[in-house]
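The values are calculated or read from the model by the stated rules, or taken from the named source; none is laboratory data. Quick caveat: nothing in here was measured; it's all calculated off a predicted structure. Glycine gets a Cβ as well: all are built from the backbone with ideal geometry, and neighbour counts include every protein chain shown. Side chains included, ligands, DNA and RNA excluded: accessible areas come from the protein's heavy atoms. Shrake-Rupley method; radii C 1.70, N 1.55, O 1.52, S 1.80 Å.
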Amino acid sequence: MQIPTIVGAGLIVIGAGLGIGKIGGSAMEAIARQPEASGKIQTAMLIAAALIEGIGFAALFAA
């Protein structure tokens with residue numbers, strides 16, 4: 001691996017981690033405000049996190 005590729009892969013991982021963390025934090029705030037909607041919020045959170053992780057994996061393989 002070359003240095004630019006390693007840096008790019010690191011940025012991809014950092015970006016995906018930040019995105020999933022942001023989704024998790026926002027979901028917890030939403031559940032705290034509306035506990036009765038926790039099931040729908042968790043489902044949407046998991047789907048979004050899986051999509052972000054999939055894009056991160058695809059970008060790592062492309063790098």
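Of all residues in segment 6-63, those being β-branched (V, I, T) and touching a residue at least 40 places away in the same chain (Cβ under 8 Å) number 2. Note on segment 16-38: residues that are open to solvent by 40 Å² or more (accessible area, probe 1.4 Å) and of a type outside the set (A, V, I, L, M) total 9.
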